[in-house]
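This report concerns only the one structure given below.
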């Protein structure tokens, strides 16, 4: 590791590796650091990846990290009504269930091939400021304190991001915009291996339960609850255990792993850059508020930040003003949808089990060509306008 | 400050990213709390696995 780089990317998840790749491709001397000893583990993720987003984010498809290809998604109401969306018509979260550890490693390898230097077991502990300007990072590099100087820092340090906070970017979110999640990898279960399933309603207040198949009898089975709704620590686990116990197909389930995690489901932040710093992916809170999906969003925002970082190095301008190019790029691709889905999320969180049953029953009857929050609401308005009165401003 | 049950904690970072005062740091092995903690109780309440016990004001 050298003492000085053009760009240092903090965190080798999908967002960080994408940023490092495109910064390096653009000619910037780039360092990618990962605090863990292994890139990719442990996995804190449902591992669903939509096909259209994969294309949009320019993620090169690699069979090694695909666990299972889905035919579609199924949304299940508390009363057992099912709404099926086949893959070709699903706008989101259908496509692949991936192996996140292998995926992350593949993306980091691409960053390395592009010329980025990579250091594992290297965590950032603070930014170095001189005359009020950020000029580098303090690191613990394989156990030893170290400093690295750089012109640009890209914060890709995930939900628990520190880079943004050190730099003074406000990434604080209210508990109404936080999901608290637990997931088990369960095997020996009876599932439809070609469909991802989403269970709505009071089984998971303010969120949902997901079953994402990894193979014929194994799935990621997880729950996200609205953080403003949970009463005490451990509730996501309690709700998930209770739900699993009621599933006939999961009577003989065996656990292969257990992970937890936080997920932001906020409306897009006002700003994710400041002088010398850009945030990407979860660190920038760029996540679909409806689904909690963020892999492709991280890749896309990482790509855009990486490209702009390389341009900034060439231009010799690392100011907040220059980084508006990055803001424009990711916002033009994602912001409108994220905001719309956040508005919808705010309302869906308040629906009763009865309303879910009615809604999902209606959708099954109607069917539709192209699935999106917008189209779903439109379809419902035709059948039962009183149900979507609350959503009128979205239409 | 809250106390961490290291046997329950999955090091997921939810408390770190949710803390309104950035008073929690995760060093991959355990959580560290700093003096910016205001005992608001959010981290203990929303911990997915119940690994945090609120401190006393």
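The values are calculated or read from the model by the stated rules, or taken from the named source; none is laboratory data. Computed from a predicted model, the values in this text were never measured in an experiment. Because the Cβ atoms are built from the backbone with ideal geometry, glycine has one as well, and the counts that use them run over all protein chains shown.
Does residue A:259 fit the bill of being more than 12 Å from every other protein chain (Cβ to nearest Cβ) and either over 9 Å from the mean Cα position of the chain (by Cα) or over 26 Å from residue A:212 (Cα atoms) (or both)? So residue A:259 does not fit the description; no.
Filtering chain B down to residues that are assigned to a helix (DSSP H, G or I) and more than 8 Å from the chain's Cα centre (by Cα), which residue is nearest to residue A:124 (Cα to Cα)? Taking the candidates together, the pick is B:17.
Looking only at residues in region A:166-190 that are within 8 Å of chain B (Cβ to nearest Cβ) and touching a residue at least 60 places away in the same chain (Cβ under 8 Å), the one that is farthest from residue A:323 (Cα to Cα) is A:182.
Screening residue B:16 against (1) under 16 Å from residue A:160 (Cα atoms); (2) more than 8 Å from chain A (Cβ to nearest Cβ); (3) surrounded by 14 or more Cβ atoms within 10 Å (Cβ to Cβ) leaves a single unmet condition, (2).
If you check A:75, A:59 for being farther than 30 Å from residue A:353 by Cβ, surrounded by 19 or more Cβ atoms within 10 Å (Cβ to Cβ) and not assigned by TED's automatic domain parsing to the domain that holds residue A:308, only one passes: A:59.
Residues that are surrounded by fewer than 16 Cβ atoms within 10 Å (Cβ to Cβ), within 14 Å of chain B (Cβ to nearest Cβ) and out of contact with any helix residue (DSSP H, G or I) (no Cβ under 7 Å at 6 or more places or on another chain) occur in region A:239-252; there is at least one.
When region A:296-329 is filtered for residues that are buried (at least 24 other Cβ atoms within 10 Å of the Cβ), over 14 Å from residue A:22 (Cα atoms) and at pLDDT 95 or above, the ones remaining, listed by number, are A:297, A:323. Selection of helices (runs of 4 or more DSSP H) fully inside region A:315-395 by the criterion of at least 3 residues being closer than 29 Å to residue A:26 by Cα returns A:324-348. Once region A:229-238 is narrowed to residues that are out of contact with any helix residue (DSSP H, G or I) (no Cβ under 7 Å at 6 or more places or on another chain) and within 24 Å of residue A:43 (Cβ to Cβ), the residue that is nearest to the other protein chains (Cβ to nearest Cβ) is A:234. Within region A:17-38, being within 14 Å of chain B (Cβ to nearest Cβ) and in contact with a strand residue (DSSP E or B) (Cβ under 8 Å, 6 or more places away or on another chain) holds for A:33, A:34, A:35. For region A:141-165, residues that are more than 9 Å from every other protein chain (Cβ to nearest Cβ) and on the phi < 0 side of the Ramachandran plot total 17.
Within region B:22-57, the set of residues being at the interface with another protein chain (Cβ under 9 Å from one of its Cβ atoms), surrounded by 13 or more Cβ atoms within 10 Å (Cβ to Cβ) and free of Cβ contacts under 8 Å to residues at least 40 places away in the same chain comprises B:22, B:24, B:25, B:26, B:42, B:45, B:46, B:47, B:48. Among all positions in region A:219-228, there is no residue which is over 27 Å from residue B:16 (Cα atoms), touching a helix residue (DSSP H, G or I) at 6+ places or on another chain (Cβ under 8 Å), more than 14 Å from chain B (Cβ to nearest Cβ) and crowded, with 23+ Cβ neighbours inside 10 Å.
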